[in-house]
1. Can you give me the Rg/Rh ratio for the range 360-423, using Cα atoms for both radii and the Kirkwood formula for Rh?
2. Of Leu109, Gly214, Trp147, whose Cα points farthest to the positive end of the dipole of the range 65-218 (charges on the beta-carbon: +1 Lys, Arg; -1 Asp, Glu; origin at the Cα centre)?
3. Apply the Karplus curve 6.51 cos²θ - 1.76 cosθ + 1.60, θ = phi - 60°, to the phi angles in the range 20-29 and return the couplings in whole Hz, x for Gly and Pro.
4. Please list, ordered by chain and number, the residues whose modelled amide H lies under 5 Å from the amide H of Gly250; skip anything fewer than 5 residues away on the same chain.
5. What is the percent of Cα-Cα separations in the range 1-72 that go past 17 Å?
6. What is the total of Lys pairs in the chain with C-alpha atoms under 23 Å apart, excluding same-chain pairs fewer than 8 positions apart?
7. Using the Cα centre of the range 205-309 as the reference point, and only Cβ charges (+1 on K/R, -1 on D/E), how large is the resulting charge dipole? Debye, rounded to the nearest 20.
8. Amide H to amide H, which residues 5 or more places from Asp353 or on other chains are under 5 Å from it, using H placed in the peptide plane?
Amino acid sequence: MSHIFGRSTRGQLPTAVAGDGCYLIDANGKRYLDGSGGAAVSCLGHSNARVRAALHEQMDKLAFAHTGFFTSDPAEQLADRLVYYAPEGIDRVYLVSGGSEAVESALKLARQYFMEVGQPQRHRVIARRQSYHGNTLGALAAGGNEWRRAQFAPMLVETSHIAPCYEYRDRRDDETAEQYGLRAANELQAEIERLGPDSVMAFIAEPVVGATAGAVPAVTGYLKRIREICDQYGILLILDEVMCGMGRTGYLFACEEDGISPDMVTIAKGLGAGYQPIGALMVQGKIYDAIAAGTGFFQHGHTYLGHAMAATAANAVLSEIEENDLLTRVRAQGEKLQSALVSEFGQHPNVGDIRGRGLFRGVELVADRDSKTPFETGTKIHAKIKSAAFDAGLICYPMGGTINGQRGDHVLLAPPFIITDEQ
Ligand code: PLP
């Protein structure tokens, strides 16, 4: 009997014993092509030589020094490098251990910021129905994934959820994509007015929605309008790039393609590429400055902030991306993946939409392609695909549930950046 308490209590999973590039290998020697990097994590595959060497070297020097007492070279170096690539104005980095911690930190920092600048009435968060921001209570409250929220609802702080930008289902026939994007973004303004503008502190969204909806990018202009609305009302814009950031879309930060800069951005997954648990909250200088001029410290923290081994892994990941020009590769391989999916499945009666950016692609499954009717609850089409693929030696990331008030199933593909044409 396994004593591990993992995700599922149903049966024993195979034991992963080794990684080889884009493949994972189990104890029976079976090889699995990692078509989703787990959950969009393993962007360099599973046996990267540079990351392994960097971790060995750092382990021989220093594994951990508590950030209450020390900083470290790997953490300082990583913060500098992330700021170098960051969206305009972002110049401070808070290194945590994963995505939920990054989002939780963002929400608390937003609150403390408004306390410091003398606007204590601002405490409300607006998010979108099609979103996942993590499983800790603050992040879960912000997320719109009904299935993940349901049984914890009484414990979640009240959050407003507006419609996502979901062109496949929500654009009307008489609208262009841009007109639709403006209409969707303007829901934010209506919600701010409804709540009372002075009470709202932040709007949080994923630029490309990941786990909840299968790589749904915002249409052109949507995030620009969102940025304008946040500025108009003095509300902080938090972009959650935990899944879509760190090169996944072919840009180090997905919002680069949308031509905007947030007040805060969260990253994780691809940052450590699975070699170490690490995430980061990155913020505009004005937020850091307000806290420095006021309380003098962020009233929050986790034991493993700025962990030297985790930062070392992330530095090595960045070096791989830089030296192998992996962003260019992601864009090229992403186009090929999209074309292959379209030519293979584009006319399939149960495939409604194939979308995404870079090596971040989603296939939406429907019972009827013409009417876009979703599969019924209980069909569990996503679970069947997951196990059929797994049996055949392919890891993909299918999800099903209620999305934006409607049932939906999709398969997310997020292969390592090093994936070859053949693979
Ligand atoms: N935010 C987004 C967009 C995510 O996709 C996830 C995880 O899937 C999280 C936050 C939570 O990250 P973690 O699982 O590392 O806590």
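1. That ratio equals 1.03.
2. Looking along the dipole axis, the top candidate is Trp147.
3. Ordered by residue, 3J(HN,Hα) equals 9, x, 7, 10, 10, 10, 9, 4, 8, x Hz.
4. HN-HN under 5 Å from Gly250: Leu359.
5. The calculated P(r) of the range 1-72 puts 64 percent of pairs beyond 17 Å.
6. 10
7. About 140 debye.
8. Excluding prolines and chain starts, which carry no amide H, the hits are Glu364.
The numbers here are math on the coordinates, done by the rules we state, and not lab data. On a predicted model such as this, the values are computed, not experimentally measured, just so you know. Neighbour counts run over all protein chains shown; Cβ positions are idealised from the backbone, glycine included.
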